Structures are given as structure tokens and as C-alpha cells.
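First comes the structure, then the notes that go with it.
The values are calculated or read from the model by the stated rules, or taken from the named source; none is laboratory data. Because the structure is predicted, anything quoted here is derived from the model rather than measured. No Cβ is skipped: glycine too gets one built from the backbone with ideal geometry, and neighbour counts run over all protein chains shown. The protein model used for the area step is the full one, side chains on, heavy atoms only, and it has no ligands, DNA or RNA in it. Shrake-Rupley method; radii C 1.70, N 1.55, O 1.52, S 1.80 Å.
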Amino acid sequence: MILDCGEGVQRQVIDASVGLGSDMTILITHLHGDHVAGLLGLLQTMSLAQRRKPLNIVGPAELLKWLQVTSEMLHIGLTFPIRFSEARPGTVLRTAAFRFRAARAVHSVEAFAYVVEEYGRPGVFYPEKARELKVPEGKLWSRLQKGRAVVVGGRRVEPSQVTGPPRPGRKIGYSGDTRPSPGLARFFSGCDFLIFDSTFSRKDADKAKERKHSTSEEAAELAKKAGVRKLALTHFSARYTSTASLVREARRVFPNTVAGADGLTLSVDYPS
Ligand SMILES: [Zn+2]
Ligand SMILES: [Zn+2]
């Protein structure tokens with residue numbers, strides 16, 4: 001999954017060893033250069049790598065138009081189909097592993113924020129309970145582990161008899177460029193991880209308002225309101241030579257905050 005495609009996206013895809021032919025969904029928040037400039041090049045590189053699998057792209061309706069016009073003008077022949085889903089509030093796409101939802105962001109052009117929800121996992125499997133119910137080890141155990149019922153000697157055994165309660169999947173939120181809003185706080189509620197616009201420091205709050213971005217403090221306030229578990233600040237203005245002060249300002253409001261950076265790897269824990 002790729003969230004927006006800035007200029008450097010190809011290098012990052014290669015550095016992160018993301019297979020160019022693998023199952024992938026690209027989410028584009030809005031049509032500003034710093035969020036789409038890398039998309040065409042990425043599609044071209046995928047074609048050079050002979051990608052065959054369809055590629056999911058979610059974004060504003062205009063994105064598809066832009067892709068069609070530019071790839072025609074530049075004679076880019078793709079080796080794989082694009083499955084485009086138009087962003088609109090609500091569920092926009094379901095894949096084998098995730099559900100993708102969108103909400104309107106508050107920016108200078110039409111823009112969307114996204115929540116990616118991993119499907120829940122079946123509960124913890126208790127082998128002793130399966131043995132007690134005389135379910136033979138092997139295929140039938142794995143069926144039960146996957147949350148499906150089995151029949152043993154004419155008796156039906158439900159997964160709930162041998163497993164704990166289903167475990168929720170992880171939930172990741174991404175704001176794109178936006179002002180904070182009560183709607184977004186609701187939209188991101190309960191995310192395990194939130195990546196939020198943090199273009200400005202609090203001393204430049206007026207610029208954040210004017211240019212429809214957020215300060216790191218506003219990002220932190222929203223993270224707190226939404227009850228997320230971890231916040232990553234991103235999209236820093238080039239005027240700041242270091243992000244340390246932006247992180248400090250945010251941590252005063254929401255301690256579990258980190259600054260996004262090129263090549264940074266973070267893991268998202270399962271909710272307990
Ligand atoms: Zn923008
Ligand atoms: Zn931007």
C-alpha cells in the first residue's frame with residue numbers, strides 16, 4: 001500500500017524492497033504535485049518490470065482523467081490493468097486483506113483522508129479444548145483456527161468452542177494535506193496509527209490556517225481527540241531545518257508522537 005506518490009516514491013519503493021509486481025493499492029489524497037508527481041514514473045517502472053497483476057488506485061475522480069491524458073500523451077503503454085476507485089466518503093475499496101475508507105479533508109482543493117482497516121483475525125486457538133472435543137489434529141484444527149466449523153463423528157464443532165474471542169485487526173489513518181476538523185477526529189477514532197499533516201510549527205499557526213494545513217500541535221490535539229495509539233507527523237515545511245521543535249510541541253499534547261522521515265520504518269502493533 002502506498003499513501004500518496006511524491007517525487008521520491010520510486011526510490012523509496014526500491015529501498016523498501018516492495019515488489020513492483022506484488023498486490024498493491026495506491027491511495028492518492030489530492031491533486032497537488034507533491035502528492036502525485038511520482039505516480040506516472042512508478043507506473044512506468046512497473047511496466048518495465050513486466051507487472052501483470054491489476055493495480056488498485058484510489059483517488060479523486062480527476063486523477064483518473066489526468067492519468068489517462070498524460071499516459072496517452074507520453075505514450076506510456078502499461079503492461080497491467082489499473083483498477084481505479086473514485087474517492088468519496090465511505091468505504092471505497094475492499095481487498096483480500098484490507099478495507100479502505102475515505103473522508104473529506106479540509107484543504108485548498110478537493111482532498112480526502114483515508115483509513116485502512118485490516119480484517120480481524122480469529123481468536124487464539126486452544127489445542128486442549130480441541131482434544132477434549134475429540135477433534136483429530138491436522139486439517140480439522142486448521143479449519144477451526146481459520147474460524148470455520150467442522151464435523152467430527154456427526155457432531156458439529158464451532159470455532160468458538162476451541163478458540164478465544166476474535167481479535168481485531170490494525171487500523172491506520174492518513175490525513176493527507178488538511179486542516180484539523182471534528183469530522184476527521186471522528187473518522188480517525190480508534191486508529192492504532194495515525195499519519196497527520198504537520199506542515200507548520202505553532203508559531204506559524206496563521207500560515208497553517210491560511211494555506212489549509214496543520215501545525216504539529218493541531219495534529220497532536222486531533223490525535224488525542226480521536227483516541228489513536230500512535231501519531232506520526234509528516235509533510236514538514238522546508239522552512240524548518242529540524243523537525244525536533246515540531247515534535248516537542250506535539251508531544252506536550254500527545255506524548256506518543258514521532259516524526260516521519262525518509263526511509264523510516266515503524267511497526268504497528270496489534271491492538272490488545
Ligand atoms: Zn496540498
Ligand atoms: Zn502537500
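With respect to Arg179, determine if the residue is within 16 Å of ligand 1 (Cβ to nearest atom), touching a helix residue (DSSP H, G or I) at 6+ places or on another chain (Cβ under 8 Å) and on the phi < 0 side of the Ramachandran plot.
In short, yes.
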Task: Sole exception among (1) in a helix (DSSP H, G or I); (2) within 16 Å of ligand 2 (Cβ to nearest atom) for Glu7, by number - done: (1)
TODO: Please enumerate the residues belonging to segment 18-43 that are within 16 Å of ligand 1 (Cβ to nearest atom) and outside any loop (DSSP other than H, G, I, E, B).
DONE: Leu27, Gly33, Asp34, His35, Val36, Leu39
Open item on the list: Looking only at residues that are surrounded by 23 or more Cβ atoms within 10 Å (Cβ to Cβ) and not aromatic (Phe, Trp, Tyr) in segment 182-194, which one is farthest from ligand 1 (Cβ to nearest atom)?
Closed with: Cys191
TODO: Give the residue, chosen from Arg156, Arg179, that is within 16 Å of ligand 2 (Cβ to nearest atom) and either surrounded by fewer than 24 Cβ atoms within 10 Å (Cβ to Cβ) or in a helix (DSSP H, G or I) (or both).
DONE: Arg179
TODO: Pick out the one residue from Gln68, Gln50 that is free of Cβ contacts under 8 Å to residues at least 40 places away in the same chain, open to solvent by 20 Å² or more (accessible area, probe 1.4 Å), more than 22 Å from the chain's Cα centre (by Cα) and within 20 Å of Gly19 (Cα to Cα).
DONE: Gln50
Open item on the list: Filter segment 159-176 down to the residues that are within 16 Å of ligand 2 (Cβ to nearest atom) and not in a loop (DSSP other than H, G, I, E, B) and list them by number.
Closed with: Tyr174
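Can you spot a residue in segment 232-239 that is in a strand (DSSP E or B), among the hydrophobic types (A, V, I, L, M, F, W, C) and either within 16 Å of ligand 1 (Cβ to nearest atom) or open to solvent by less than 30 Å² (accessible area, probe 1.4 Å) (or both)?
yes
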Open item on the list: Contact list please: Cβ distance under 8 Å, first residue in segment 231-252 and over 21 Å from Asp192 (Cβ atoms), second residue in a helix (DSSP H, G or I) and open to solvent by 50 Å² or more (accessible area, probe 1.4 Å), pairs at least six apart or on different chains.
Closed with: Glu249/Arg202
TODO: Restrict the check to segment 161-170 and report whether at least one residue is more than 16 Å from ligand 1 (Cβ to nearest atom), surrounded by 14 or more Cβ atoms within 10 Å (Cβ to Cβ) and more than 30 Å from Ser267 (Cβ to Cβ).
DONE: yes
Open item on the list: For segment 75-96, check the following and say yes or no: at least one residue is open to solvent by 30 Å² or more (accessible area, probe 1.4 Å), among the hydrophobic types (A, V, I, L, M, F, W, C) and within 16 Å of ligand 1 (Cβ to nearest atom).
Closed with: no
Open item on the list: With surrounded by fewer than 24 Cβ atoms within 10 Å (Cβ to Cβ) and more than 16 Å from ligand 1 (Cβ to nearest atom) as the only criterion, which of Glu221, Glu210 stands out?
Closed with: Glu221
